[in-house]
Amino acid sequence: MKRALVILCAVVALVGFLALPFLVFDFAPLAYELYINQKIFYYHVPAALVSFVAVFVCGISSVFFLVKRKPEYDDVAAAAGDLVVIFGGIVLTTGPIWAKLAWNTWWVWDARLTSTLLLWMIFVAYALLRRFGGAGFEVGGAGLAVFGMADVPLIYFAVNFWKTQHPTNNVVPTLSGAMRLTFWIAVVSYICLFVVLLSWRLSLRRAERRLAAAEDTALDEGVIA
Amino acid sequence: MRSSPLLVILALTLYAGAAHAIQPVAAPPVDRATCMQELGGLVYDREKDVLAVAGQRFMDKLRVCDSSLHAAAVEAVRQQIQEDETAKFTKHSRFVIIAYSVVWGVLVATVAAMWWRQRRLLDAIAVLERKIAASVKP
């Protein structure tokens, strides 16, 4: 069942990502007031949504790990943490490209952009520490992930709390029919891609554990020094 | 019945009179020099005028003064707008393509890195398990 779900998600993600350029450029109408740069929206916003999903998966799994201390939760958290870096990286590169066209500047230090960068840096630190921090960093990493998760509401509501150059959260409900459909196809494609990558990253974590077990056995047997 | 020809003549006279009455009155010939002088006197007051309205007033006056020059000015503006829009479209399209390339590049690099890591792990596990199996054999 789980494998079937992952295969289904892989197919949906592949079809979605191949269809998206045609949907974005041919199907979705041009937003005249924003010109053609608005087309970046269909990749930028879904990537941001999925990075939030990844943060919550990482944060909630970390909470479960802190409470129950089961390594399975830690594996899910570590896998999702890596994906925050990837999807957040997409957000933080497509955003400035769009900003250069829409605002005539690559970056402004407003609350939405700065808090997003901060979240990404927290998860880069998390991924680096999980990779190079050595044994015993699981608990500290879980704490860092929970801390990072607390940044998400701050990012989401930043446009309401502070005066920012970034558009508000009310853009998606105002989309016209074809634009809305294209946007939600993009969101579904991204979510399916996230499920596939998470599953794959989890299988890598299991392989890492299997390698560690094999190394222990080999040491015990005197096969390796 | 005898009054029919008179009625026809009356109707034709009324029609001719009406047709003459709705003909546009020919505009008086324009003295170009005077007209251009008046054109030069047009000003744009940013406090009172809308930019496009002031421009339209200028173009209307120019058409009255010299219709050929007006047509040339319209063509020049049209060409300039076309060039500006083409340049803008090209620049924006390039940026959109760069953004999409970044998305695809990051995703392809991620998949490639994970595939490479998986291969390395599975190779290492296979080597170790072979060594362990060989050491266990008598």
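In table form, for the structure just shown:
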item: Check on residue A:53, away from chain B (no Cβ under 12 Å), crowded, with 17+ Cβ neighbours inside 10 Å, more than 23 Å from residue A:169 (Cα to Cα) and at pLDDT 90 or above; result: no
item: Members of the range A:193-208 found to be more than 7 Å from chain B (Cβ to nearest Cβ) and either on the phi > 0 side of the Ramachandran plot or among the aromatic types (Phe, Trp, Tyr) (or both), listed by number; result: A:194
item: Qualifying positions in the range A:103-142 - touching a residue at least 40 places away in the same chain (Cβ under 8 Å), assigned to a helix (DSSP H, G or I) and exposed (fewer than 14 other Cβ atoms within 10 Å of the Cβ); result: A:139
item: Sole exception among (1) under 30 Å from residue A:38 (Cβ atoms); (2) small (Gly, Ala, Ser); (3) more than 14 Å from every other protein chain (Cβ to nearest Cβ); (4) surrounded by 11 or more Cβ atoms within 10 Å (Cβ to Cβ) for residue B:52, by number; result: (4)
item: Single match in A:91, A:63, A:53 (criterion: more than 20 Å from residue B:111 (Cα to Cα) and of a type in the set (A, V, I, L, M, F, W, C)); result: A:63
item: Condition broken by residue B:88, with the remaining ones in (1) farther than 18 Å from residue A:36 by Cβ; (2) surrounded by 12 or more Cβ atoms within 10 Å (Cβ to Cβ) satisfied; result: (1)
item: Unique residue being over 14 Å from residue B:99 (Cβ atoms), surrounded by 16 or more Cβ atoms within 10 Å (Cβ to Cβ) and over 20 Å from the mean Cα position of the chain (by Cα) when the list is A:28, A:4, A:19, A:13; result: A:28
item: Test result for residue A:13, under 23 Å from residue A:188 (Cβ atoms), touching a Leu at 6+ places or on another chain (Cβ under 6 Å), in a helix (DSSP H, G or I) and within 13 Å of chain B (Cβ to nearest Cβ); result: yes
item: Residue within the range B:116-137 that is surrounded by fewer than 13 Cβ atoms within 10 Å (Cβ to Cβ) and more than 12 Å from every other protein chain (Cβ to nearest Cβ) present; result: no
item: Residue within the range B:24-42 that is within 14 Å of chain A (Cβ to nearest Cβ), surrounded by 11 or more Cβ atoms within 10 Å (Cβ to Cβ) and either of a type in the set (D, E, K, R) or in contact with a strand residue (DSSP E or B) (Cβ under 8 Å, 6 or more places away or on another chain) (or both) present; result: no
item: Per-region count, the range A:16-50, residues assigned to a loop (DSSP other than H, G, I, E, B) and either on the phi > 0 side of the Ramachandran plot or within 11 Å of another protein chain (Cβ to nearest Cβ) (or both); result: 3
item: Only listed residue being part of a helix (DSSP H, G or I) and at pLDDT below 85, chosen from A:207, A:178, A:212, A:218; result: A:218
item: Single match in A:100, A:39, A:70 (criterion: free of Cβ contacts under 8 Å to residues at least 40 places away in the same chain and surrounded by 23 or more Cβ atoms within 10 Å (Cβ to Cβ)); result: A:39
item: Count of residues meeting criterion [among the aliphatic types (A, V, I, L, M) and outside any helix (DSSP H, G or I)] in the range B:47-77; result: 1
item: Every pair of residues 6+ apart whose Cβ atoms lie under 8 Å, when the first sits in the range B:87-100 and is within 7 Å of chain A (Cβ to nearest Cβ) and without any contact (Cβ under 8 Å) to a residue 40 or more places away in the chain while the second is among the polar types (S, T, N, Q) and surrounded by 15 or more Cβ atoms within 10 Å (Cβ to Cβ); result: B:92/A:37; B:95/A:37; B:96/A:37; B:99/A:93; B:99/A:94
item: Filter result (in a helix (DSSP H, G or I) and either surrounded by fewer than 15 Cβ atoms within 10 Å (Cβ to Cβ) or in contact with a strand residue (DSSP E or B) (Cβ under 6 Å, 6 or more places away or on another chain) (or both)) within the range A:157-171; result: A:157, A:160, A:161
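Quick grid of which residues meet (1) over 23 Å from residue A:194 (Cα atoms); (2) within 14 Å of chain B (Cβ to nearest Cβ):
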{"position": "A:57", "(1), (2)": "no, no"}
{"position": "A:65", "(1), (2)": "no, no"}
{"position": "A:76", "(1), (2)": "no, no"}
{"position": "A:98", "(1), (2)": "yes, yes"}
{"position": "A:101", "(1), (2)": "yes, yes"}
{"position": "A:114", "(1), (2)": "yes, no"}
{"position": "A:117", "(1), (2)": "no, no"}
{"position": "A:132", "(1), (2)": "yes, no"}
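The values are calculated or read from the model by the stated rules, or taken from the named source; none is laboratory data. All figures in this text were calculated on a predicted structure; none of them were measured in a lab. So basically every Cβ, Gly included, is an ideal-geometry build from the backbone, and we count neighbours across all protein chains shown.
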